[in-house]
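These notes concern the structure reproduced below.
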Amino acid sequence: MPELPEVETVRRGLQPVLEGKRIVTLEQRRPNLRIPFPIGFAGFVEGRRVTALRRKAKYLLFDLEDGQVLICHLGMSGRMVVLPAGSNQPPDKHDHVVFTVETGERIVFNDHRRFGLMTLTTARDEATHPLLASIALDPLQPGFDAVHLSARLAGKKTPIKAALLDQRVVGGVGNIYACESLHRAGISPRRLAASVAGRRAERLVPAIIDVLNEAIAAGGSSLRDHRQASGELGYFQHSFRVYDRVGEPCPTPGCKGAIGRIVQANRSTFYCGACQR
């Protein structure tokens, strides 16, 4: 599933094409994705100008000039790609939604597994919308520091890896970046979340922020489906230290361990048992 860096990469690629532009047409090619599209979806969006394109954790939010907010989640395999004005690229059978803006570009939402979604809310109701209401502060927002993370982890008896994946604890972080961040911070993914508060949180917070920023700069991680809005792959997978590196030597200087794999909450966790404590 696309995590924060992949969604932010898509947002940045779409921003110059969408922000300040009017959506002339919205072509909806099926009645539903993970959930049904709103009844009359195209009519609510067509003719409206996009005043801002934001991200909340793993969600893209399109602010429309009439106060509506279009919520988009890429799901497991979704991508949003910009086609230049005049492009004659034929539609793919998994191109489910196509936006055309006033300058002629088309933004195509392709999702072959159909686990993504698009729906509508309003600026007034956004904070209480069921998809968004419980999402915690994400690591790239102001205020995400060791004090904040310590408070979110206080009393939690789940492993720290599971806590990082809980969107009610930390917004936007998924399996890849949790593994990478914990390795950089030298923290075992098995450690109880409550025990990471304090000095360990002071190591973990900058590790999370650095990993996410480096991944965004690399265009995200393309393991299977992710594409930037330009259609290009992301490249951060070439910089993984532990994720999917089972059996390789640990890259931590001076460590003689090797990368191992365990399963936590039905997800693969990659880590070094020698230097992550």
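The numbers here are math on the coordinates, done by the rules we state, and not lab data. The shown structure was predicted, so the numbers you read here are calculated from the model rather than taken from an experiment. Please note: Cβ atoms are built from the backbone with ideal geometry, for glycine as well, and neighbour counts cover all protein chains shown.
Taking the number of other C-beta atoms within 10 Å as the exposure measure, put MET76, MET118 in order starting with the fewest. Write out the running numbers ahead of the final one.
Numbers: MET76 15, MET118 25.
Ascending Cβ contact count within 10 Å gives the list MET76, MET118.
Can you give me the C-alpha center-to-center distance between the stretch 230-277 and the stretch 157-226, rounded to a whole angstrom? Centre-to-centre distance over Cα atoms comes out at 12 Å. Shown is the FRET efficiency for ASP125 and ARG12, computed with R0 = 22 Å from the Cβ-Cβ distance and rounded to the nearest 0.05: 0.25. Charged neighbours of SER221, selected by a Cβ distance under 14 Å, balance to -2 (K, R count +1; D, E count -1). On the basis of the beta-carbon distance and an R0 of 30 Å, ARG113 and ALA151 show a calculated FRET efficiency of 0.25. Can you compute the FRET efficiency between VAL263 and GLU202 using 1/(1 + (r/R0)^6), with r the Cβ-Cβ distance and R0 = 30 Å? Round to the nearest 0.05. The computed FRET efficiency comes out at 0.55. What fraction of the Cα pairs in the stretch 4-128, stated in percent, has a spacing above 23 angstrom? Everything past 23 Å amounts to 23 percent. In terms of its C-alpha gyration tensor, the stretch 164-257 has an oblate overall shape, because the principal axis ratio a/c (a ≥ b ≥ c, square roots of the eigenvalues) is not below 1.5 and a/b does not outweigh b/c.
Tally Lys/Arg at +1 and Asp/Glu at -1 over every other residue whose Cβ is under 13 Å from the Cβ of GLY43; what's the total? Provide the component values of the computation, followed by the final result.
Working: positive: ARG48; negative: GLU27, GLU46, ASP66.
Summing Lys and Arg as +1 and Asp and Glu as -1 gives -2.
Which net charge results for the neighbourhood of PHE236, defined as the other residues with beta-carbon distances under 10 angstrom from its beta-carbon, given Lys and Arg at +1 and Asp and Glu at -1? Once positives and negatives cancel, what remains is -3. As a rough guide to protection, the peptides 59-67, 32-40 ranked by mean Cβ packing within 10 Å, highest first, stand as 59-67, 32-40. Please determine, in degrees from 0 to 90 and to the nearest 10, the orientation of helix 199-217 with respect to the longest principal axis defined by the Cα atoms of the chain, where the helix direction is its Cα long axis. On a 0 to 90 degree scale, this one is about 40. Highest mobility in the GNM of the chain, judged by mean-square fluctuation with C-alpha springs under 10 Å and restricted to ASP111, ASP225, ASP138, is found for ASP225.
Using a cutoff of 8 angstrom between alpha carbon atoms and counting only pairs six or more residues apart, the relative contact order for the chain works out to 18 percent.
The angle separating the long axis of helix 175-185 from the principal Cα axis of greatest extent in the chain is about 40 degrees.
Extending 7 Å from Cα along the Cβ direction at TYR235 and again at ALA217 yields two label points whose distance is 1.2 nm.
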